[in-house]
Amino acid sequence: MSEIQLMRTFFLVLSISMFLTTGFTQKKLNSNSNYFFLSDLSLQRMDAFWNLGFKKRIKYVELGSSFGLGIEKTFFQQSFSPHLELFSFYNLFQKERDRKIGVVFGPGILVSGTSFKIGTPIYYGDMFAAYQLCIGGKFKLTHQAGYGVMLESFTFNNTRTTNKSYNFFAKIGVSYAFHI
């Protein structure tokens, strides 16, 4: 699966999730949108990643992206390994008082892509069913985990090979809420 097909799939899934979440009738938490800067460490089957990102919460839906580096491949194997994530979460449980302290929990979808080169370029694409848990006030401790499909693509002897397998991720990080 190429990067273009992976992005098309992500935007299709994101559109469907946005359509489904608008049908839920819930009490409005507040009228403001929240913006968050985030940093986290993510562990996957192939590598661990350090990510920096940005997300926006509109009522009960969170949309965001982050960019990171594969720790083992970039720093120890000296092969640049960029990592991109796009995600959407629907907060089923959201309890906050005056933005001082709160708990947020909900399911979501996370799509990620990674590439690196060891002789030949290798590309990984993942699509995860996931959940997130956030605790805190303006600074929140965040935890996300998920399980899903991984596609690995590379060229060997002028033949494009794609393998499908399953992958997981678990991450822990911090986020900072600010208003724009």
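Points to keep in mind about this one:
- Spherically averaged projected area of the stretch 112-159 from its Cα convex hull (nm²): 4.8
- Projecting the Cα atoms of Y123, F76, S153 onto the charge dipole of the stretch 68-180 (Cβ charges, centred on the Cα centre) puts F76 farthest toward the positive pole.
- Shown in residue order for the stretch 156-170 are the 3J(HN,Hα) couplings computed by the Karplus curve 6.51 cos²θ - 1.76 cosθ + 1.60 at θ = phi - 60°: 9, 6, 6, 10, 7, 10, 10, 10, 10, 8, 10, 9, 9, 8, 9 Hz (x for Gly and Pro).
- Long-range amide H partners of S79 with built H, under 5 Å: T74
- Over the stretch 47-179, Cα pairs under 8 Å with separation of 6+ residues give a relative contact order of 16 percent.
- Averaging the Cα positions of each part gives two centres, and for the stretch 87-137 and the stretch 53-68 these lie 8 Å apart.
Only the coordinates and a few stated rules stand behind these numbers; no lab work does. In this text, all values refer to a predicted model and were calculated from it rather than measured experimentally. Counting neighbours? That spans all protein chains shown, and the Cβs are built from the backbone with ideal geometry, glycine included.
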